[in-house]
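Enquirer: One structure, pasted below without further comment.
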């Protein structure tokens, strides 16, 4: 029942997320107005093609609390939909303000935490709450600001749509339509359920990554030389914006704290098991891992296999073929030309980081059925598989 | 002072690591003999070109404990170097056995934990300990077995070389030569220091990844739909072999347990801080993150920046340029051909996983100086940057 948005859409907050929404909607041919406390952000977003600057006059609406009843504006140009993409701590105020300024508009947001936002909006604008429906596109970046925005940020991503019990059905449809128009698929979910889900799949990994990465600050430089790809992957998201993340985590404090306590408890427990398994050093190496250790690791492997992959395939159903290439312009072109000519579709690519090496190793992930054709094409063109 | 190995090299244990060493040494033109408890592993390794099967006669050496003094063999073909690539729990026995069988050979291993191995070898073959020097190539895979082996597994990687105080200098040189011949760079380190280093940069991230991934086993399927790239990265290594990892962790129990306790304590502390920051739900959203939260996250970001990147560059010094492509054969070829023609060197490539999407987004990482040329080339050929 998705309704493509019609009429004007106002995006408040021209950061990474808001600007990306502007770009995606503009790509779809819609009229987007941009507003931000920081005029520099609006200028950048406009220059990227995310929309046009919204002045108060442009978008109708009341200029202050005293005029909330005359908000239709001089030219009837009140937006049908307002998308709020501001930092978590400001969401309640800005959403409530938008509901007051534009009495006919549906208002949604892009925030990472949903239940607290409903409460905050309800406290400020209870009479307009029916026109508010939360949203959370499951896409982002370690980067921030309008310059990092992309029209395709949401393509193929989930976009949680989180109505509260009082949300109007047509407002829910409008937000689902927004998600679809931005290239995402809407996933309807109650606000509290959403928060519980992201506590596990987004907020816990963020804190775990940050805590592990934090221990690197005091590591000897010599020791870091030994770092491999595993550590890099585990700590990549720890590079995210600390200000933004501290707000997100504080807004979802309860579910995140619960999971952190559980994770910490399991780590403590694992450490205790390890301590008990210390081998009598003078005589024996450790016996094959205690069942308690093995169970924790096995459970982790099982958990990873549950993650949906590209096209909904589970990641392990792709086969990975390693190909050696020299580190010079044109090598990748030659490789992909040879592979493409054979009609093989590459599902994923990874270049292994090898500090100081002149050569690169590319991992090509393909559908298992495509492996024979791929290997044949590689052999035929002299590519070095398996070294 | 690296000495390229000469003469025969015996690899005991034809799994992922041992077979990769065999492939790398064979690539360098050296004579490699392969031995494994499992004849199937030897067959696979031989078929990949990692060496030839070693029978007891081939490699000289004593057949049993009763003949350790006559180990030079019938044709003087005792190996100069023995590389032991067996599971952690078997290392002490197999290394001590090799030292006895080949009284002139240097013996090294590929194990992930070094101090306990020295102790285990010393307990079994104290009179031959001077010819043992530990080694640990910092490369691997979530996969295991000889089929996953690659000649280039060690190219450009660190290879820890861990002599004990009684190791002969020429034995140390032989192992450094082995590392160099396999394409790696030797990093000399005392065994205990090595174990402390890998506890932080390898073993802690492994357990953290497994514990976080383990919590996914009980997650609702609906919630997992929201999973993004961050969770995938944090949990990737949790797919590793639980048997192998439980042995590795048990063999480095003390340093790992210490770090796990510290990590768990920091997580608990973070959770407590979060609980204190729970906003009065009826009135306010969370205030901007408490300094205590922000500090932990900031510290993580600082830790990540310390990791050396490709070519020794820090990862953040590469610029990332997103390019949209259709999900069909030939698109990557066309992209890289256009980029290669412009003389731009791609340092890293990532295709974002987008469940259910027909389109792909490629992140091209390049040296910052190369960005203008890259953008120009992309624009010129009609590629969609920034959407």
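Read-outs: derived from the displayed coordinates by stated rules, not from any lab. Computed from a prediction, not measured in an experiment: that's the story for all the values here. Neighbour counts are summed over all protein chains in view; Cβ atoms, including those assigned to glycine, are modelled from backbone coordinates with ideal geometry.
Enquirer: Can you sort B:176, A:254 so the residue with the fewest Cβ neighbours within 10 Å comes first?
Expert: Placing the least packed residue first, the sequence is A:254, B:176.
Enquirer: Suppose you put the label 7 Å out from Cα in the Cβ direction; list, shortest first and in nm with one decimal, how far residue A:166 is from each other copy's label.
Expert: 8.0
Enquirer: Same structure again: Rounded, prolate or oblate: which one fits segment A:1-42, using the alpha carbon gyration tensor with axes a ≥ b ≥ c (rounded when a/c is under 1.5, else prolate when a/b beats b/c, else oblate)?
Expert: Taking the square roots of the gyration eigenvalues as a ≥ b ≥ c, segment A:1-42 is prolate.
Enquirer: Which of B:226, A:23 comes first, and how do the rest follow, when ranked by fewest Cβ neighbours within 10 Å?
Expert: Listing B:226, A:23 from fewest to most nearby Cβ atoms yields B:226, A:23.
Enquirer: Oh, and also: Rounded, prolate or oblate: which fits segment B:226-271, taking a ≥ b ≥ c as square roots of the Cα gyration tensor eigenvalues, rounded meaning a/c under 1.5, else prolate when a/b beats b/c? Let's see the in-between values first.
Expert: Values: a/c = 3.91, a/b = 1.12, b/c = 3.48.
Since a/c reaches 1.5 but b/c is at least a/b, the shape of segment B:226-271 is classed as oblate.
Enquirer: Continuing with this model, one more query. Would you mind pulling out the separation of the Cα centroids of segment B:72-124 and segment A:148-219, in Å?
Expert: For segment B:72-124 versus segment A:148-219, the Cα centre distance is 53 Å.
Enquirer: How far, in nm to one decimal, is residue B:345 from itself in the other copies if the label point is set 7 angstrom along Cα toward Cβ? Shortest first, please.
Expert: Reported distances to equivalent positions: 3.4 nm.
Enquirer: Name the shape class, rounded, prolate or oblate, that the alpha-carbon gyration tensor gives for segment B:140-285, where a ≥ b ≥ c are the square roots of its eigenvalues, rounded holds for a/c under 1.5, and otherwise prolate holds if a/b is larger than b/c and oblate otherwise.
Expert: Here segment B:140-285 falls in the prolate category.
Enquirer: Additional query: Which of B:121, A:175 has the fewest other C-beta atoms within 10 Å, and how do the rest follow up to the most?
Expert: The most exposed by this proxy come first: B:121, A:175.
Enquirer: Next question. Taking every pair of alpha-carbon atoms in segment B:8-189, what share in percent sits in each 10 Å bin, from 0 to the bin with the longest distance?
Expert: 11, 42, 38, 9, 0
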